[in-house]
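Values in this text are rule-based calculations from the coordinates and carry no lab data. This structure is a prediction, so every number in the text was calculated from the model and none was measured. Every residue, glycine among them, receives a Cβ derived from its backbone with ideal geometry; neighbour counts consider all protein chains shown.
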Amino acid sequence: MFLQNADGSWKDELVALMGEGSFEDFRDRQTSADIKTVAKASLLTLAGVKILKSKFPDNHKEWKLVVNKAYGFLKTHNPTKTKVQLEALVADTVTL
């Protein structure tokens, strides 16, 4: 959670924590065409949300506000997408 910026986006350091060599390596591993086209900050944020939801589901109360802030960032930077569409992108993001 210390990797989240004040605007809700996630920092580049997330790439190293995921064990990726570079952001480009991480983007190349994505299988969804929709995800391959999102901006770097949005993709990192999608990955951060995916990690929290998939790796720490029992800690929902602890990361709920962090995830809500991330969705706020994603909505601002992807205004044509609904929350349901953003959640689908989170689900499609390939992480660890």
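When the Karplus curve 6.51 cos²θ - 1.76 cosθ + 1.60 is applied with θ = phi - 60°, which whole-Hz ³J(HN,Hα) does each residue of segment 56-65 get, with x for Gly and Pro?
10, x, 6, 9, 3, 4, 6, 10, 4, 5
Return one quarter of the surface area of the convex hull spanned by the alpha-carbon atoms of the chain, equal to its mean projected area, in nm².
The Cα convex hull of the chain, projected and averaged over all directions, gives 5.5 nm².
Check which residues have an amide H placed less than 5 Å from Asn5's amide H, if you skip close sequence neighbours.
Trp10, Lys11
Tell me the mean residue ellipticity at 222 nm calculated for the chain from its helices only (DSSP H runs of n ≥ 4, each -39500 (n - 2.57), averaged over every residue, nearest 500).
Per the formula, -18500 deg cm²/dmol.
Taking the Cα centre of the chain as origin, sum charge times position over the Cβ atoms of Lys and Arg (+1) and Asp and Glu (-1), and report the length of that vector in debye to the nearest 20. Intermediate values should be presented prior to the final figure.
Values: 14 positive and 12 negative charges, 76 e Å.
About 360 debye.
Using the Karplus curve 6.51 cos²θ - 1.76 cosθ + 1.60 with θ = phi - 60°, work out ³J(HN,Hα) for each residue of segment 76-91 in order, rounded to whole Hz, and write x for Gly and Pro.
Using θ = phi - 60°, the values come out as 5, 9, 9, x, 7, 9, 7, 4, 4, 5, 5, 5, 5, 5, 4, 4 Hz.
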